[in-house]
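One structure below.
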Amino acid sequence: MKDDRSAEWPPLLDKRQIQDMVHGPISLFYPLDRIVDTREFQRLRDLKQLGVTHLVYPCSTHSRFVHSLGTYWLAFKFVENLKRDTSLNISGQDHLCVSLAALCHDLGHGPFSHLFDGVFRDASRAPKYTHESLSIRLLRRIVNDKEIRDTLEQYLGKGEDFEMNMTFTEELISSQKFVRARYFMKKLELNR
């Protein structure tokens, strides 16, 4: 939902350049750079994307951190291209929500990639915990930091607007609730 009082995203002059081996230069736009600097996100540097695959293929040492940056960049560019079709009416807030979801979709992963999911669920006797649900909880924890919330509110609005945009972001991460996210995707399909 577009709040006319919100700043337009992305702020083209406020970005951090990151060099990626696969994607080349990645522009990490404010305030997403603030999220990458958090302890919750930085822990992804130590988690292998491919679990124990490196034991068989020693060069497969891709981290969740690098994967998340690449996923963000692909999602960012995808929505950037879709925005060229003005009939889709994709707002800067939509763009930020999709980019934020892509960046944070793996926050809840533990060690050993998806092997951790089953072991953790079984050990905790909590079938509702998935890496997606933990990603959402960690994202909420990050967003509860006043400084980060204030920066996000510049683009996502305040109060109800902010909560609606965060719900949209969480729907994209969970792929289970998918209310507004499904509407967003349906809108894209209808306008092909």
(request) Please give the number of the condition R34 fails out of (1) more than 19 Å from S174 (Cα to Cα); (2) modelled with pLDDT under 95; (3) part of a helix (DSSP H, G or I). (result) (2)
(message) If the requirement is being touching a helix residue (DSSP H, G or I) at 6+ places or on another chain (Cβ under 6 Å), assigned to a helix (DSSP H, G or I) and at pLDDT below 95, which of these qualifies: D117, D106, D122?
(response) D117
(message) Restricting to segment 126-152, count the residues that are out of contact with any His (no Cβ under 7 Å at 6 or more places or on another chain), part of a helix (DSSP H, G or I) and at pLDDT 90 or above.
(response) 15
(request) Return the only residue of P11, P58 being modelled with pLDDT of 70 or more, part of a loop (DSSP other than H, G, I, E, B) and over 27 Å from E163 (Cβ atoms). (result) P58
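The values are calculated or read from the model by the stated rules, or taken from the named source; none is laboratory data. Source: prediction; values computed, not measured. Methodologically, a virtual Cβ is constructed for each residue, glycine included, from the backbone with ideal geometry; neighbour enumeration extends over all protein chains shown.
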